[in-house]
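Worksheet: the structure to be examined is printed underneath.
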Amino acid sequence: MGSMICPERPGPAAECLSWLPNLRRGKGVKGVTLPLPTEKPKGVSVDFLCFEFQKQVKAVFPEYNNETTFEELGAWIWGSYNDRQKAGGPVNVVDLFGHKTMRKGGASLCDAIGRKYPCSVRDATIFVSWAWRYRVHDFVVALFAYCVFQKVNPKSVFCWICFFNNNQHVWLQPGGVSNAVEIFESNVRMVGTVVVVLDKLDARLSIYFSRLWTIFEVYIAILNKLQIRIAPMIAAAEEAVKLGARAIGHGGNNVFAKSLRELLEIDMKAARASNPEDAASIRRQVEQLGGNQTMTDAVVKAFATSLDLAQLLQDYL
């Protein structure tokens, strides 16, 4: 399946110059306050992400390959962190899908894709929780596999993904967005189903569990009693299958859940957001909602519940 979605391409991934993740703000620069969303946000189809998106990215950036991360791709489109700081915002923006010239001040990639490929953008059916340090190829393969195992058509699954949905012409300004946490909370609630694209189950080695944003997104979903599903990347799926195989004949789901909890030793104090102001805002809200331990316990329980042993073995063995 991987080669079908994104064939191996020659050449190493291009070096990214001083790129940092998407929400870091300039020191002492006040962020813009955006209106909270009032209607269900749009999403890009899994089918489009797997096929046309990667095709177009490869045409614009010949250096793109299976090792390219979203951090690197973001730097190619909107400029490196250092260059953006010097220029006061995105610089030398590549007009991918026409998102730069679509309207004054630029548009989100999702809006631009929707204008050019209207069948590929509809009301979002899933909110995707993930990290910009993921490889693009691995990420879309996990989403495609999710559709296969859920027995749904990738053309009918529309993803809210911050990389595509946020207007990065605004979000990547040195001041960023001052009410980012509130905007993310609103979008999680309105979309209704959260799909976690998970790179590794072992929290000590996982990109996902090192990010404060991703853990917080799951916690908001838990508090709002929203559906949470796991779309494991290959490494996470292999870890889970090994745990499941060991659990068979030794207590089944109980042993499986216990082993998962041991792997999911999330260290909330070590989790980071690239923007200190976002981190402070998230931590304040977490404290109001019961503190780090309460959130950690809830998130670990949600992951252990969402990864069903029988279904997992059926899907991956």
(Q) Sort His99, His169 by heavy-atom solvent-accessible area, probe 1.4 angstrom, most to least. (A) His169, His99
(Q) Taking the full set of protein chains and a 1.4 angstrom probe, give the accessible area of Glu67 in square angstrom, rounded to the nearest 10. (A) 100
Q: With r as the distance between the Cβ atoms of Leu205 and Thr33 and R0 = 30 Å, compute the FRET efficiency 1/(1 + (r/R0)^6) and round to 0.05.
A: 0.20
Q.
I need the calculated FRET efficiency for the pair Gln150 and Lys55, taking r as the beta carbon distance and R₀ as 22 Å, to the nearest 0.05.
A. 0.35
Q. At q = 0.12, 0.13, 0.15, 0.26 Å⁻¹, what base-10 log of I(q)/I(0) does the Debye formula yield for the range 107-170 when every alpha carbon is treated as an equal point scatterer in vacuo?
A. -0.32, -0.37, -0.50, -1.30
Q) Is the range 75-194 best put as rounded, prolate or oblate by its Cα gyration tensor, with a ≥ b ≥ c the root eigenvalues, rounded for a/c under 1.5, and otherwise prolate when a/b is larger than b/c, oblate when not? A) prolate
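The values are calculated or read from the model by the stated rules, or taken from the named source; none is laboratory data. Nothing here was measured: the structure is a model prediction, and the numbers come from that model. So basically every Cβ, Gly included, is an ideal-geometry build from the backbone, and we count neighbours across all protein chains shown. Heads up: the accessible areas ignore ligands, DNA and RNA and are worked out on the full protein's heavy atoms, side chains in. Shrake-Rupley method; radii C 1.70, N 1.55, O 1.52, S 1.80 Å.
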